[in-house]
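The values are calculated or read from the model by the stated rules, or taken from the named source; none is laboratory data. Worth saying up front: this structure is predicted, and the values here are computed from it rather than measured. FYI the Cβ positions are ideal-geometry reconstructions off the backbone, even for glycines, and counts take in every protein chain you see. Please note that ligands, DNA and RNA were not included when accessible areas were found on the heavy atoms of the full protein model with its side chains. Shrake-Rupley method; radii C 1.70, N 1.55, O 1.52, S 1.80 Å.
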Amino acid sequence: MASTLQKFIHSLDLRALPRVLQIQSGIYCQDSIYEMFGNEFSLSTEDVIKVIGFKINKLIASICENNEVSQLSAKVELPLNFPGLYKVVADKTPYVSIEEIARKVSIGPTRFGHPSFYSAKDIKLENFTIKHDEQITFNSVEEVHGIMAVNCVVIRNNQSHSLTLPLSQEGEFYECEDDQIYTLKEIAEWKIPKGRNRIVKLSTALHMWDSSSPLPENFDGCLILMPVYKVQAVMKFRQDIIHILSDLDVEVKDVTDHYDISSFLQPLSLEDIFERTSKEFPMVAQIMEGPSGNQKPYNLLSTGKEIVIYKKYQAARVLASEMRSDSSKRHYLIPMSYKGKFKRRPREFPTAYDLEIVRNEKEHLHVVATKAFTSPHEELFSVSVGDQFLVQQCQTSEVLYEGGKKLIDVLACEQILSDSYKKVLLPMYMEGGFVEVVHDKKQYHLSEICKEFHLPFNVKVSVRDLSIEKDVLAAAPGLQFEEEITDSYLLISSASSPVESWEIPVYRLNMLVHLLSKDVQTAAPPVTRTTVEEVSKEEYYMLRRYENLTIHPPPRPPKKPT
């Protein structure tokens with residue numbers, strides 16, 4: 001049965017991809033040529049395309065009155081970065097089963113992916129009864145004892161109850177009111193159910209209104225949002241990916257069950273390639289959709305280019321950030337093959353405990369106090385701003401405490417005086433401030449720093465890497481090496497001129513390829529070029545979050561005695 005492309009995509013579950021569609025009719029002339037997102041292509045009646053993905057590209061908004069479109073309202077386009085913060089209005093139309101909720105509503109690991117619903121009637125489970133109108137928070141969808149179910153939480157009398165609801169559970173389920181505020185992009189990605197529109201209310205007034213704004217001046221009402229999707233598809237006899245907007249005025253028919261889907265090129269992501277066994281490498285692939293970016297090697301990975309993928313592996317990188325106080329701080333992943341050299345920069349330490357963490361047996365840590373501290377114990381030293389210390393070791397010391405004696409952890413130091421040294425003890429719980437005095441003039445390679453010092457560690461490039469055309473690290477005023485991470489990479493080169501090879505990250509590069517049945521001329525890759533990868537703020541926080549899941553944080557400093 002034919003339907004408009006818009007209606008089909010709005011109701012399509014991502015998990016049902018890929019789907020093969022046949023073009024039935026449209027208002028365009030036969031063999032019309034369209035150009036969207038840099039792709040020129042034609043769609044004719046009875047043409048067949050394979051849909052491999054889609055995501056919201058923009059929103060069509062109408063001003064809403066009493067949960068209905070205002071008669072006087074014109075539809076306007078809103079980009080996903082349109083300013084303002086919005087509250088989601090609960091949908092009054094019920095869902096008839098848990099399966100419908102799981103199919104239409106985004107449920108995922110982030111705080112945006114935990115929608116809440118209530119049932120119009122009590123739901124009796126084996127060991128628990130969910131009362132009608134009781135809020136049910138959906139956390140994840142997974143298989144439980146061979147049955148697909150939703151993991152849920154119900155809060156009752158300040159106590160959390162974890163339970164599972166099978167997708168087969170039927171009933172009358174309504175959205176709960178949501179008191180959170182979101183950007184338009186967050187709403188588009190998480191809060192618009194498949195096949196439904198979404199009503200939102202502007203939560204904060206739009207600042208800097210001008211005549212080019214699609215919304216009326218001083219607007220503070222509700223909008224009905226309808227998503228327009230960018231559809232990724234493959235056509236026969238084409239070597240690239242085409243992009244179509246879902247509001248293109250054509251009718252389509254789903255012919256997946258009657259079509260040999262293998263007759264299309266099979267687009268593979270870098271994650272798909274990485275999941276292949278090591279025995280399948282090396283392989284030759286053609287790029288169907290290249291990544292954006294003008295730095296090497298991304299600017300060489302253009303659509304249609306053939307590449308050799310030699311192997312997959314895990315490689316170490318150092319995550320580094322520029323030492324800036326403003327928001328323009330940049331972040332990098334530096335490979336161990338980086339050939340430049342670094343000189344040390346002073347580190348800052350907020351507590352005496354931090355001094356113990358970075359203390360090195362090979363050298364005395366020399367610091368200057370930047371904050372005064374008055375000790376509550378006569379046996380321990382009171383610090384003044386400007387005092388200088390050489391950090392020695394951690395030990396215990398006896399202090400008077402509530403009329404008796406008590407052992408506490410202290411940091412043994414030598415205070416540097418004008419012509420002598422004085423042994424002092426600093427309480428480990430001391431909240432002060434120290435800055436390092438660097439005497440070391442040596443130039444270090446990256447691997448030496450990771451081996452000899454505790455990260456985080458502050459440096460500046462003293463000798464740039466001459467093998468890199470433009471060493472972005474050399475221009476940084478200072479760098480903080482934050483942590484060493486391990487990430488997944490593919491080693492690739494050009495198939496036509498394999499002069500050099502490059503490491504490309506598997507999980508941060510959006511790129512689609514299809515495999516060619518060609519023999520690799522030589523299994524040994526050419527010389528690997530060093531690449532310093534700049535990562536966005538979002539990628540930086542994701543890297544730190546996932547890496548920190550496997551790192552046990554140091555114990556908290558001891559509490560100050562009361």
So, restricting to strands (runs of 3 or more DSSP E) that lie completely within the stretch 308-408, which ones have at least 2 residues that are modelled with pLDDT under 90? 348-351, 388-401
Listed residues V424, V437, V459, V463; which is within 19 Å of Y353 (Cα to Cα) and out of contact with any Asp or Glu (no Cβ under 9 Å at 6 or more places or on another chain)? V437
Find the residue count for the stretch 412-431, including only residues that are over 15 Å from K371 (Cα atoms) and either among the hydroxyl-bearing types (S, T, Y) or outside the structural domain of T396 (by the TED database) (or both). 3
Name the single residue, out of those in the stretch 84-127 being touching an Asp or Glu at 6+ places or on another chain (Cβ under 6 Å) and part of a loop (DSSP other than H, G, I, E, B), that is least open to solvent (accessible area, probe 1.4 Å). A90
From the option list L301, L248, single residue qualifying as open to solvent by less than 20 Å² (accessible area, probe 1.4 Å) and within 29 Å of A524 (Cα to Cα) is L301
Could you say which residue among K371, K341 is of a type in the set (D, E, K, R), open to solvent by 20 Å² or more (accessible area, probe 1.4 Å), assigned by the TED database to the domain that holds V463 and within 40 Å of the chain's Cα centre (by Cα)? K341
Are any residues in the stretch 409-438 outside any strand (DSSP E or B) and either touching a His at 6+ places or on another chain (Cβ under 7 Å) or not polar (S, T, N, Q) (or both), and if so, which ones? L417, D419, M428, Y429, M430, V437, V438
Just need a number here: residues in the stretch 346-368 that are open to solvent by less than 40 Å² (accessible area, probe 1.4 Å) and closer than 17 Å to V424 by Cβ. 9
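Would it be correct to say that Y34 is assigned to a strand (DSSP E or B), surrounded by 12 or more Cβ atoms within 10 Å (Cβ to Cβ), at pLDDT below 90 and among the aromatic types (F, W, Y)?
In short, yes.
I want to confirm something. Restricting to the stretch 536-562 and keeping residues that are surrounded by 14 or more Cβ atoms within 10 Å (Cβ to Cβ) and within 15 Å of T486 (Cα to Cα), which single residue is modelled with the lowest pLDDT?
Only one residue fits best here, namely E547.
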Cβ pairs under 6 Å, 6+ apart or interchain, first in the stretch 370-382 and without any contact (Cβ under 8 Å) to a residue 60 or more places away in the chain, second open to solvent by 70 Å² or more (accessible area, probe 1.4 Å), ordered by first then second residue, are S382/T374
Between a residue in the stretch 507-526 that is in contact (Cβ under 8 Å) with a residue 12 or more places away in the chain and any residue that is open to solvent by 100 Å² or more (accessible area, probe 1.4 Å), which pairs come within a Cβ distance under 9 Å, given they are 6 or more apart or on different chains? N510/S292; H514/Q266; L515/Q266; P526/V499
Kindly provide the set of residues from the stretch 167-202 that are among the hydrophobic types (A, V, I, L, M, F, W, C) and closer than 22 Å to K55 by Cβ, ordered by number. L184, I187, A188, W190, I192, I199, V200
Tally, over the stretch 313-327, of residues that are open to solvent by 60 Å² or more (accessible area, probe 1.4 Å) and touching a residue at least 24 places away in the same chain (Cβ under 8 Å): 3
Would you be able to say whether some residue in the stretch 69-83 is on the phi > 0 side of the Ramachandran plot and either open to solvent by less than 60 Å² (accessible area, probe 1.4 Å) or modelled with pLDDT under 85 (or both)? no
Please verify whether the stretch 255-268 includes one or more residues that are among the aliphatic types (A, V, I, L, M) and assigned to a loop (DSSP other than H, G, I, E, B). yes
L466: farther than 30 Å from L300 by Cα and more than 28 Å from the chain's Cα centre (by Cα), yes or no? no
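State whether one or more residues within the stretch 272-290 are closer than 27 Å to E500 by Cα, among the aromatic types (F, W, Y) and not in a helix (DSSP H, G or I). I'd like the intermediate steps shown before the answer.
Step one: list which residues in the stretch 272-290 are closer than 27 Å to E500 by Cα, which gives 272-290.
Of the ones still in play, those that are also among the aromatic types (F, W, Y) are 274, 281.
Still in the running and not in a helix (DSSP H, G or I): 281.
Yes: one or more hits.
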All conditions in (1) among the basic types (K, R); (2) at pLDDT below 90; (3) loosely packed, with under 13 Cβ neighbours inside 10 Å are true of K194 except (3)
C29 is checked against (1) at pLDDT 90 or above; (2) open to solvent by 40 Å² or more (accessible area, probe 1.4 Å) and fails just one. What number does that condition carry? (1)
Evaluation of R330 against (1) assigned by the TED database to the domain that holds H445; (2) surrounded by 19 or more Cβ atoms within 10 Å (Cβ to Cβ) (one fails), failing number: (2)
Among residues belonging to the stretch 230-239 that are under 27 Å from the mean Cα position of the chain (by Cα) and open to solvent by 10 Å² or more (accessible area, probe 1.4 Å), point out the one that is nearest to I56 (Cα to Cα). K230
Output the residue which, of all residues in the stretch 128-145 that are modelled with pLDDT of 90 or more and part of a loop (DSSP other than H, G, I, E, B), is surrounded by the most Cβ atoms within 10 Å (Cβ to Cβ). E134
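Yes or no, residue by residue, for (1) more than 30 Å from Q22 (Cα to Cα); (2) part of a strand (DSSP E or B):
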site: P193; (1), (2): no, no
site: V200; (1), (2): yes, yes
site: P214; (1), (2): yes, no
site: L225; (1), (2): no, yes
site: V228; (1), (2): no, yes
site: I244; (1), (2): no, yes
Checked pairs for the stretch 1-19, first outside the structural domain of L245 (by the TED database) and in a loop (DSSP other than H, G, I, E, B), second β-branched (V, I, T) and surrounded by fewer than 17 Cβ atoms within 10 Å (Cβ to Cβ), C-beta under 9 Å and 6 or more apart or across chains, list as none
Please give the number of the condition N158 fails out of (1) at pLDDT 90 or above; (2) out of contact with any Phe, Trp or Tyr (no Cβ under 8 Å at 6 or more places or on another chain). (1)
When residues of the stretch 475-522 are filtered for being open to solvent by 40 Å² or more (accessible area, probe 1.4 Å) and among the small types (G, A, S), how many remain? 4
